[in-house]
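Asks: Just passing along the structure, written as structure tokens.
Any read-out appearing in this document is the output of simple, stated calculations on the displayed coordinates, not a laboratory observation. Computed from a prediction, not measured in an experiment: that's the story for all the values here. A quick note on method: Cβ atoms are made from the backbone with ideal geometry, for glycine too, and the neighbour counts reach across all protein chains shown.
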Amino acid sequence: MYLSWTAGRLDRLHARIDAARASLDAQLLRRSSVAVELATSSLLDPAASILLLEAAHAARQAEDDHREVAESELSLALRAVFAEPEQLTALAGAPGGAEALKDLTAAARRVPMARRFHNDAVRAARAVREHRLVRYFRLAGRAPFPLAFEMDDEPPAALTPEGAPA
């Protein structure tokens with residue numbers, strides 16, 4: 001009974017990883033989509049638009065094994081473009097800028113949460129898979145060993161509640 005219960009638990013953990021990964025992928029895609037919209041909206045200066053557009057496009061087109069690096073580079077580009085709260089104030093004053101800023105803030109805040117949920121699920125599955133009985137009886141079957149998604153997901157300081165313009 002213990003082995004059956006453990007196999008069921010492991011199966012549920014793998015399903016949780018799959019759901020969390022899908023959610024993380026959706027949030028990353030949303031963040032890059034908002035960045036592309038903002039870069040092509042002519043609300044930013046040309047240099048910032050090009051930097052943001054190239055980073056967002058690279059994050060969208062990245063293969064799975066290079067995705068973490070591409071997403072980290074998008075985070076760096078967002079922090080570079082929105083380094084100062086004054087830039088956000090000017091953007092919020094432009095027509096359509098407040099809505100774009102709201103979308104970007106929401107997307108930038110959701111990515112770290114989605115990544116944390118995914119990595120927590122991976123950590124839990126790894127803990128179960130490392131048990132001796134699970135390995136000995138091969139309860140994980142042919143499921144690949146779960147890998148955490150490690151990236152730089154720190155949002156720009158100006159988009160955080162502490163750095164937001166008053």
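Asks: Given the rule -39500 (n - 2.57) for each run of at least 4 DSSP H residues, summed and divided by the residues of the chain, what is its mean residue ellipticity at 222 nm, to the nearest 500 deg cm²/dmol? Spell out each step's value before the answer.
Replies: Details: 6 runs with 116 residues, N = 166.
Per the formula, -24000 deg cm²/dmol.
Asks: Once you sort the root eigenvalues of the Cα gyration tensor of the range 1-83 as a ≥ b ≥ c, which label holds: rounded (a/c under 1.5), prolate (a/b larger than b/c) or oblate (the other case)?
Replies: Numbers: a/c = 4.09, a/b = 3.51, b/c = 1.17.
Prolate shape, in that a/c is at least 1.5 and a/b is the bigger ratio.
Asks: How far is helix 46-61 tilted, in degrees, relative to the longest principal axis of the Cα atoms in the chain, given as a value from 0 to 90 rounded to the nearest 10?
Replies: Between the helix axis and the principal axis of the chain, the angle is about 20 degrees.
Asks: So how far apart, in nm, are the two label points at Asp65 and Thr160 if each is 7 Å from Cα heading toward Cβ?
Replies: 3.5 nm
Asks: Roughly speaking, what is the stretch gain from Arg12 to Glu84, that is 0.36 nm per residue apart minus the C-alpha to C-alpha distance, in nm to one decimal?
Replies: Roughly 21.5 nm would be gained on extension.
Asks: Expressed in nm to one decimal, what extension gain is obtained for the pair Asp152 and Asp25 from 0.36 nm per residue of sequence separation less their Cα-Cα distance?
Replies: Numbers: separation 127, 0.36 × 127 = 45.72 nm, distance 1.50 nm.
The span from Asp152 to Asp25 would gain 44.2 nm if fully extended.
Asks: Angle, helix 97-129 long axis vs. longest principal axis of the chain, Cα atoms, 0 to 90°, nearest 10?
Replies: With rounding to tens, the tilt is 20 degrees.
Asks: Follow-up question, since we're still on this one. List Leu44, Leu159 from most exposed to least, where exposure is judged by having the fewest other Cβ atoms within 10 Å. Mind showing how you got there, number by number?
Replies: Values: Leu44 23, Leu159 20.
Ranked by crowding around the Cβ, least crowded first: Leu159, Leu44.
Asks: Between Pro144, Pro46, Pro155, where does the largest GNM mean-square fluctuation fall for the chain, given springs only between Cα atoms within less than 10 Å?
Replies: Pro144
Asks: Starting from the Cα of Ile50, step 7 Å along the direction of its Cβ; do the same at Arg142; then give the gap between the two resulting points in nm.
Replies: Spacing of the two 7 Å Cα→Cβ label points: 4.9 nm.
Asks: Which of Arg142, Arg16, Arg115 moves the most in a Gaussian network model of the chain with Cα springs under 10 Å?
Replies: Arg142
Asks: Among Glu71, Glu150, Glu130, which one shows the highest mean-square fluctuation when the chain is modelled as a Gaussian network with alpha-carbon springs under 10 Å?
Replies: Looking only at Glu71, Glu150, Glu130, the largest GNM fluctuation is found for Glu130.
Asks: If I fit a long axis through the Cα atoms of helix 2-39 and take the longest principal axis of the Cα atoms of the chain, what angle between them do I get, 0 to 90°, rounded to 10?
Replies: 10 degrees
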